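One structure is given below, encoded as structure tokens.
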DNA sequence: TTCTATTTATCACGGCTGTGATAAATAGAA
DNA sequence: TTCTATTTATCACAGCCGTGATAAATAGAA
């Protein structure tokens, strides 16, 4: 059996447990049960809890990152597009970070548990959580710079401030869509993002 | 001994534990130790874990709510103020929700653990978390409406969308300031909020 | 003082936790 | 087939958990 595939199976099981019962209940035994493995087998692939958690969090970040890169690849040559088309692509790219379907909703739910736990839980790598925040801001900043280069950005904006404003808005929208779906629906989530991008365009 | 004061002492101890070690480690024994009580004493004031958690979360919401109301009271007659003064008051009021000092930082840190756990943890009242989200939006909406009434709001804005945009921005800013202080400082947090309010003014 | 209600303090139980140690089963190469 | 390395499966241990039950101490009123 391919050990890489096995580890991914375990990570999938972990995500299901966290989504359903919360990170609190994601014990080694619970994850092993969910994966249909004996705890001994699980421990053969992950020496201890810390290793499993770090691997799982890294795997989640990789998945999101891969999806984003695939989006960028599919975009192709941007210079040949109209301003309207470019705006749509930008919105689509950032939407990749929002919990708009069940897959991304699960990801964000698990992610919230992870970053919240990273503040205090010894087995969860706080550095990984920090890197994801930095990564989001790097992406958002690149998008804003590109908008500015193509003249799509309203003049007189502070790049630092606008990067943080859009990044934190995305985080807040994700948080509320997942934790309070009856307060913030995915559709409204998109409308808010759209409104913000329109505002930046001026 | 005043039972009300005792319960508040316990809640304070709970907050300290959650801030330092996370909600995960806030067991009845740990909270009792932090409060300098025997677990038996603690259980005399709180029959079980669920009762303690609900009471603590309610207490936290009350504290924030009280601070907001006090702010509103101190504002007095708004109509006598200049536009600039009113803008400053608005920013100050909303800043009450941001983790700008150690007190509010602790509150937000505890709050994050609570709302995240509310999604799955049986002992934590999810309805309370929902109400706090609804409450924030009611406050933000009232502020936006008041701005519109005094002509301080840029025309052509969708109230629903702007309410959610500002609310989620506040949530995102709070989240990142607490979880990634090296990425988002309290000072930058304020600057971002200020920029957003300026944007709404037009 | 005596009685009563409040408050504080222990003990015990079953259950779950991560993990060390070790045995059993399986698969693949020689 | 035989040997070896991988994979799977158990057992045990110390530690923490919430909670039920009950005893001890304290305070305040009669």
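The values are calculated or read from the model by the stated rules, or taken from the named source; none is laboratory data. Just so it is clear, the structure is predicted and the values come from calculations on it, not from any experiment. No Cβ is skipped: glycine too gets one built from the backbone with ideal geometry, and neighbour counts run over all protein chains shown.
Here are the numbers for this structure:
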{"read-out": "Some residue of the stretch A:88-100 being within 13 Å of the chain's Cα centre (by Cα), more than 14 Å from chain B (Cβ to nearest Cβ), outside any helix (DSSP H, G or I) and away from DNA strand C (no atom under 16 Å from the Cβ)", "value": "yes"}
{"read-out": "Any hit, the stretch B:156-167, residues being buried (at least 20 other Cβ atoms within 10 Å of the Cβ), under 30 Å from residue B:50 (Cβ atoms), under 18 Å from the mean Cα position of the chain (by Cα) and outside the structural domain of residue B:21 (by TED's automatic domain parsing)", "value": "yes"}
{"read-out": "Sole exception among (1) more than 9 Å from DNA strand C (Cβ to nearest atom); (2) in contact (Cβ under 8 Å) with a residue 12 or more places away in the chain; (3) not assigned by TED's automatic domain parsing to the domain that holds residue A:132 for residue A:65, by number", "value": "(3)"}
{"read-out": "Residue in the stretch A:150-161 that is outside any helix (DSSP H, G or I), within 24 Å of residue A:113 (Cβ to Cβ) and touching a residue at least 24 places away in the same chain (Cβ under 8 Å) present", "value": "no"}
{"read-out": "Flag if residue A:139 is in the same structural domain as residue A:61 (by TED's automatic domain parsing) and not in a loop (DSSP other than H, G, I, E, B)", "value": "yes"}
{"read-out": "Hey, residue B:70 more than 16 Å from DNA strand C (Cβ to nearest atom), loosely packed, with under 13 Cβ neighbours inside 10 Å, in contact (Cβ under 8 Å) with a residue 60 or more places away in the chain and away from chain A (no Cβ under 14 Å) or not", "value": "no"}
{"read-out": "The lone exception for residue B:32 - which of (1) within 16 Å of residue A:116 (Cα to Cα); (2) touching a helix residue (DSSP H, G or I) at 6+ places or on another chain (Cβ under 6 Å) it fails", "value": "(1)"}
{"read-out": "From A:140, A:115, residue being under 22 Å from residue B:181 (Cβ atoms), more than 16 Å from DNA strand D (Cβ to nearest atom), within 14 Å of chain B (Cβ to nearest Cβ) and within 12 Å of the chain's Cα centre (by Cα)", "value": "A:115"}
{"read-out": "In the stretch A:35-60, the residues that are more than 10 Å from DNA strand C (Cβ to nearest atom) and either touching a residue at least 40 places away in the same chain (Cβ under 8 Å) or crowded, with 19+ Cβ neighbours inside 10 Å (or both)", "value": "A:35, A:45, A:54, A:55, A:56, A:57, A:58, A:59, A:60"}
{"read-out": "The stretch A:13-23: number of residues that are without any contact (Cβ under 8 Å) to a residue 12 or more places away in the chain and either within 11 Å of DNA strand C (Cβ to nearest atom) or over 23 Å from residue A:99 (Cβ atoms) (or both)", "value": "1"}
{"read-out": "Matching residues in the stretch A:177-202 - criterion: being in contact (Cβ under 8 Å) with a residue 24 or more places away in the chain and assigned to a loop (DSSP other than H, G, I, E, B)", "value": "A:202"}
{"read-out": "Boolean, residue A:191 is facing another protein chain (nearest Cβ under 9 Å) and buried (at least 21 other Cβ atoms within 10 Å of the Cβ)", "value": "no"}
{"read-out": "Tally, over the stretch A:1-29, of residues that are away from DNA strand D (no atom under 14 Å from the Cβ) and crowded, with 18+ Cβ neighbours inside 10 Å", "value": "9"}
{"read-out": "Long-range neighbours under 8 Å by Cβ, at least six apart or interchain, first residue more than 14 Å from every other protein chain (Cβ to nearest Cβ) and farther than 20 Å from residue B:26 by Cα within the stretch B:1-12, second in a helix (DSSP H, G or I) and near DNA strand C (Cβ under 8 Å from one of its atoms)", "value": "B:3/B:45"}
